[in-house]
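The values are calculated or read from the model by the stated rules, or taken from the named source; none is laboratory data. Just so we're clear, the structure is a prediction, and the values are computed from it rather than from any experiment. Cβ sites come from the backbone with ideal geometry, for glycine too, and all protein chains shown count toward neighbours. Side chains included, ligands, DNA and RNA excluded: accessible areas come from the protein's heavy atoms. Shrake-Rupley method; radii C 1.70, N 1.55, O 1.52, S 1.80 Å.
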Amino acid sequence: MKTSILIALFVCCISAAAQQQPFSFAQITDLHVGGATGAEDLRRTVKDINQIDSISFVVATGDITEFGSDSELLLAKQILDSLQKPWYIVPGNHDNNWSESGTNSFLKIFGAETFAFSHGGYYFLGNNCGPMMRMSPGQVPYEHIVWMDSVLNTIPAGAPIIFINHYPLDSSLNNWYEVTDRLKKHNIQMAMCGHFHQNRVMIWDGIPGVVGRSVLRAKDTTGGYNIITIKNGKAFYNTKKTLANETEHWATIELKNYSFKNDTTQYPRPSYEVNKAFPQVKEIWRHQLKSDVGSGFALKNNLMITPDTKGNVYAFDLVKNQLKWTFQTGGKIYSTPAIAANSVVVTSTDGNVYSLSLQTGKLLWKYTTHSPIVASPVVVGNAVYTGSSNGKFRRINLHNGRQNWVYDSVKGFVASRPVYDKGTLYFGSWGNEFYALNANTGREVWKFKDGYTNRMYSPASCVPVVCGDKVFFVAPDRSLSVLNTATGKLLHKKKWEKDWVRESMGISADKKLVFAKTMQGDVIGVPADADSPEYAWKTNYSLGYELNPAPVTEHNNLIFALSDKGMVAAYQRKTGNVAWVHKVSNTLVNMIQPLSKNRYVLTTMDGKIIILEEKK
């Protein structure tokens, strides 16, 4: 008994001594390898850190690459492997949003998207905060919220915690409160992030927060990073420029138990007050999946087929509101399924195209491309058309899964759904190009180049629309482009000064009006047959600053726009006047489809399936 007590006292003394022992670590963030100076600035930073013996470890807090490509990730890993210190890493929005692998490569190359370790008596937790493959505010994936719960449950009661993320823990992260609420049940003492490229001290739901500078040189001659020293219950922040000897102290954070369990402050939370203004719409059913949903869904006779980001495909009977069958693929899914007569076609980042029985989920055939697929398929007759991440676009026989033809000259990768019209396929890529292919032969009819060298302006996430002899698309350059369907000639390119179109558009049921959602949260209606693209109306209800690329659709004479903060807005087709608005979540709404004249089903990025009913 005495021996046990002595051992316990010894362990406590060792733990207390560890807490009192000062230590230093480095934060490197927003490396942007693949950008103009990203790789060179990182090499300089690694060399600089290796020369400082007092640095115990390094945390890399996101935006490791410029575009999330495999080549950029591999180069970043090669450079980081030169560190002669332990290092821990999480991805950022640049690593997740434009990933040709569907965010699989980061995990494969770096081994994890999260980390948890202890040092000097402190527990460090690093999490992935998206957004995953869709332009929107950040969002900690549902499965990583579950991971947080499991890790927090293993940390001894009262142990100090430092949380690390790429995004700040505020409204720029859609579900920030799910993170802060969990952390504040424990002894969270500080949170760290990147994203803003500049040093800042902030407060997030009462938690002291620190934003670290980018390692990039920007307009300077050299880059830099932060060295954080934990000493005497404080975190001392010093900026160190590479190739320079001195450091500059710029912040001191008090590390203590803030006793958040006793905090009665009412911190801001998402508001659902808008639902009171439109009481005619009610939620009548909701189901929570165990993972995020990163795409749209397919619907036939009240049978809903929706995938998730764990690679599952679910079939829900929306009359009985119950699960009918599931199918597991080998990779995350960020594409929308396509239903044929008695089958459903699904593409996955495991590189396969699957045909499943619509009624049972049984595998009918599988076609392997040997490259991740984030593009959505389209079925026309007995043909399946889909792009992939290896510069190829294919036609596959719907009945036997055999390839009919392949077009192998796509620059970048295809991420959206192609549009079929009168024997021609239209789609864009993350290589600043837009294509028209002969659907029967795969021959290139024409190829349009947008004139940019920056891939982020590519017309890749937009699902284009075709009307007569015109094809319309919007892109991140905030312009609406109109091309001739026969020649690919640019007819018009319109950029409105105060209405910034981006990646979300659609066309009316009668094909007379082209819709585009703006970054200001409005929808504009442009006559499809006009000589120049000027809008006929603009909606009278704004969703606020908006990035959701989900298409604008028309159902039951209502125009539907979906927001990246859980809002569904229905507008009158003729005038653009608001009919109703309903908020279902605080994350991106993927898609909405009608079940009847007054019922609609939708999914959200945080894994919710919801049915809304409108009382006429």
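Laid out as a table, the results:
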quantity: Karplus-derived HN-Hα couplings along region 545-551 (A = 6.51, B = -1.76, C = 1.60, θ = phi - 60°), whole Hz, x at Gly and Pro; calculated: 3, 9, 10, 4, x, 4, x
quantity: Size of electric dipole in region 423-515: Cβ of Lys, Arg +1 and of Asp, Glu -1, about Cα centre, debye, nearest 20; calculated: 140 debye
quantity: Two-decimal Rg to Rh for region 489-569 - Kirkwood Rh, Cα set; calculated: 0.95
quantity: Taking the convex hull of Cα positions in region 253-384, its mean projected area over all directions (nm²); calculated: 14.0 nm²
quantity: Under 9 Å, Cβ to Cβ, from W405 - net charge with Lys/Arg +1 and Asp/Glu -1; calculated: +3
quantity: Under 12 Å, Cβ to Cβ, from I145 - net charge with Lys/Arg +1 and Asp/Glu -1; calculated: -4
quantity: Carbon + sulfur, % of accessible area of the chain - ligands and nucleic acids excluded, 1.4 Å; calculated: 50 percent
quantity: Descending semi-axes in whole angstrom, ellipsoid equivalent of region 410-545, from the Cα gyration tensor; calculated: 24, 17, 12
quantity: Cβ-derived FRET efficiency at R0 45 Å, V201 paired with K300, nearest 0.05; calculated: 0.25
quantity: Estimated [θ] at 222 nm from DSSP helical runs (n ≥ 4, -39500 (n - 2.57)) normalised by residues in the chain, nearest 500; calculated: -3500 deg cm²/dmol
quantity: Gain upon complete extension [R286, Q21; 0.36 nm per residue less C-alpha separation]; calculated: 90.3 nm
quantity: Size of charge dipole - the chain - debye, nearest 20, with Cβ of Lys, Arg +1 and Asp, Glu -1, no other charges; calculated: 1120 debye
quantity: K498-T264 FRET efficiency (beta carbon distance; Förster radius 41 Å; 0.05 resolution); calculated: 0.45
quantity: Heavy-atom surface of the chain, accessible at 1.4 Å and reported per residue (Å²); calculated: 39 Å²
quantity: Efficiency of FRET from Cβ geometry, K615 and N321, R₀ 22 Å, rounded to 0.05; calculated: 0.70
quantity: Viscosity 1.306 mPa s, temperature 10 °C, Stokes-Einstein D of the chain from Kirkwood C-alpha radius, µm²/s; calculated: 62 µm²/s
quantity: Environment charge of D181, counting only residues whose C-beta is closer than 13 Å and scoring Lys/Arg +1, Asp/Glu -1; calculated: +1
quantity: Nonlocal amide H pairs with F57, under 5 Å, H built at 1.01 Å; calculated: A26
quantity: Value in Å of the Kirkwood radius, where region 125-275 supplies the Cα pairs that are averaged; calculated: 16.8 Å
quantity: Simple spin-label estimate for K449 and K511 in nanometres, 7 Å along Cα-Cβ; calculated: 3.2 nm
quantity: Across K300/K597; K300/K574; K282/K565, pairs whose alpha-carbon gap is larger than 26 Å; calculated: K300/K574
